[in-house]
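Report on one structure; see the data block that follows.
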Amino acid sequence: MNCAACDAENSAERKNCWRCGTALVAAVSGNIEALQKSPGVRFRIALPIGILTLLLLLIGAYARWHSSRAPESTTEAAAEPDQQRIDQALERVPLVNARANDLLRAGKIDEALKIIEELLAVVDAPDLQETKVHLLVKAERHNEAYELLQALLPKRDAPHLHFIAGQLAQITKGPGAAVVHFAEAVRQAPQNKVYQLAWASACFKADVRDSAIATFNKLVTDDPQCIQCWNDYALAYYSSGDRNHAVNVFEQAVNRFPENPTYQFGLARILDRYGLETGDPNKLREAAQHYRKSLELNPRKGSMAAARYYEITHTRVSAELENIAVDEIELEPRGGAIFVHLQINGMPARFVLDTGASFTAIQQQSLDKFRILATSQRVPMQTANGVIQAPVASADIQIGRHTLPRSVIIVIPDNLGNNVDGLFGLDSVRKLNGQIDSRRARLIIQSDQTETVAGP
């Protein structure tokens, strides 16, 4: 082999170059090659490498398996507290629902919605959703209520919910959509008259008259004493613009039950509305007659029938028809004047009854007697000496069983005499719904609004 340093050729047996003495590499290489060719040496080298490679592969596989298991473990660990939260929320549903209904009855809508929505964010509870629908309806958030109810119906298919859905649909979608909901309510509860009336009324508005009329006729035939049936039947016609048929419906009810005050009043209301909208005085006069008839059959205080009768005829019905106790106050005619005895702030007083005076007035000299303080307010007032700026005061006026609390009184100069405290004017007579019977010298009071002291 040749020497790497001087390139001298050397025999294979030599270890050093004969010329320069440099160690010959070929000898070493040859030894290495010889060792590599030895089977024992190859095995001893390969075994550790193989073991190391296998170990690395196992470590990598374990790392991958562990990393894949970590999210599952995390999810399982997180699921445990979530389920616990849901269980706790479910336990609170009855209490929160009861509390929300209490708030609904108290008119605290926003507060009730808040506690329900907080719980619904955690758990799906149909009871809470139904209560939320009622709250939204109360808050007049009809579109929200209808959409929530639509989502609730598949979970809680109840006739009363379909009925509510129909009512909301009439407001938000129209009568066509309402008919579908009312029909389902009737299907589930066929004996419920309220559902049938709602369906028939919606059909009328949706122009499905034949079915609606057939239903109304059946209802009033099966139960002619059903006031709501007659009323809804008439209103269905009226709202569709058919006033004459509406009147005819209530006339049928009155003809069948002439002694029923409710039917008399219902016919009066239809005729009254008809007359007001068309300007027909004959309809208004008919309405007044039926208003009066309803009061004759059932006298009652503060009734709309009495009020409308007066507005139409300009005549008051008798006190007996309004079930109002008549109070007669004895008057004291003297000379050309009429005196009335009453109490001012609980103390006896003597006033001139003067319906020509617009306001009740008190003399200046009587203020201290009745513990009355005049205010800084002034009003113009005509007197014998011309127009004056009269001070304004207030006092409790009691006459018979009736009281006018904190009634306005005008302070006037002392020109009525020493035995007179003031003027009992037209304003007070009207507040008492009073009438003067000059022949009998009586002030007739027919007001239940001012009656505060029980009679004998």
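Against the conditions (1) touching a helix residue (DSSP H, G or I) at 6+ places or on another chain (Cβ under 9 Å); (2) closer than 30 Å to THR172 by Cβ, where does ASN260 fall short? Just the number, please.
(2)
So, of the residues in the range 271-319 that are closer than 24 Å to ILE445 by Cβ and acidic (Asp, Glu), which turns out to be surrounded by the most Cβ atoms within 10 Å (Cβ to Cβ)?
Of everything passing the filter in the range 271-319, GLU296 is surrounded by the most Cβ atoms within 10 Å (Cβ to Cβ).
If only one of VAL208, VAL249 is more than 32 Å from the chain's Cα centre (by Cα) and surrounded by 13 or more Cβ atoms within 10 Å (Cβ to Cβ), which one is it?
Numbers: VAL208 fails: more than 32 Å from the chain's Cα centre (by Cα).
The unique qualifying residue is VAL249.
Tally time: how many residues in the range 83-129 are acidic (Asp, Glu) and not in a helix (DSSP H, G or I)?
Of the residues in that region, 1 qualify.
Given the condition without any contact (Cβ under 8 Å) to a residue 24 or more places away in the chain and under 19 Å from PRO333 (Cβ atoms), answer yes or no: does some residue in the range 389-408 qualify?
Of the residues in the range 389-408, the ones without any contact (Cβ under 8 Å) to a residue 24 or more places away in the chain are 389, 391-392, 394, 405-406.
Checking the rest, the ones that are also under 19 Å from PRO333 (Cβ atoms) come to none.
No, the range 389-408 has no match at all.
Of everything in the range 319-365, what is part of a helix (DSSP H, G or I) and closer than 21 Å to ARG439 by Cα? Give them in sequence order. Break it down into steps so the answer makes sense when it comes.
Of the residues in the range 319-365, the ones part of a helix (DSSP H, G or I) are 319-322, 364-365.
Scanning the range 319-365 gives a single hit, ALA319.
VAL326 fails exactly one of the following numbered conditions: (1) closer than 30 Å to ASP272 by Cβ; (2) of a type outside the set (D, E, K, R); (3) over 40 Å from the mean Cα position of the chain (by Cα); (4) modelled with pLDDT of 85 or more. What is the number of that condition?
With respect to (1) closer than 30 Å to ASP272 by Cβ; (2) of a type outside the set (D, E, K, R); (3) over 40 Å from the mean Cα position of the chain (by Cα); (4) modelled with pLDDT of 85 or more, VAL326 is out only on (4).
Within the range 258-270, can one find any residue that is open to solvent by 60 Å² or more (accessible area, probe 1.4 Å) and over 25 Å from GLU311 (Cα atoms)?
Within the range 258-270, none of the residues are open to solvent by 60 Å² or more (accessible area, probe 1.4 Å) and over 25 Å from GLU311 (Cα atoms).
Being open to solvent by less than 70 Å² (accessible area, probe 1.4 Å) and not in a helix (DSSP H, G or I): is that true of GLY176 here?
no
Starting from the range 112-130, take each residue that is on the phi > 0 side of the Ramachandran plot and open to solvent by 20 Å² or more (accessible area, probe 1.4 Å) and list its partners that are among the acidic types (Asp, Glu) and assigned to a loop (DSSP other than H, G, I, E, B), counting only C-beta distances under 6 angstrom and pairs at least six apart or across chains.
Short answer, once both residue conditions are applied: none.
Can you tell me how many residues within the range 344-367 are open to solvent by 10 Å² or more (accessible area, probe 1.4 Å) and over 17 Å from ASN418 (Cα atoms)?
8
The values are calculated or read from the model by the stated rules, or taken from the named source; none is laboratory data. Just so you know, these numbers come straight off a predicted model, no measurement behind them. Every residue, glycine among them, receives a Cβ derived from its backbone with ideal geometry; neighbour counts consider all protein chains shown. These area figures cover heavy atoms from the full protein model, side chains too; ligands, DNA and RNA do not enter into them. Shrake-Rupley method; radii C 1.70, N 1.55, O 1.52, S 1.80 Å.
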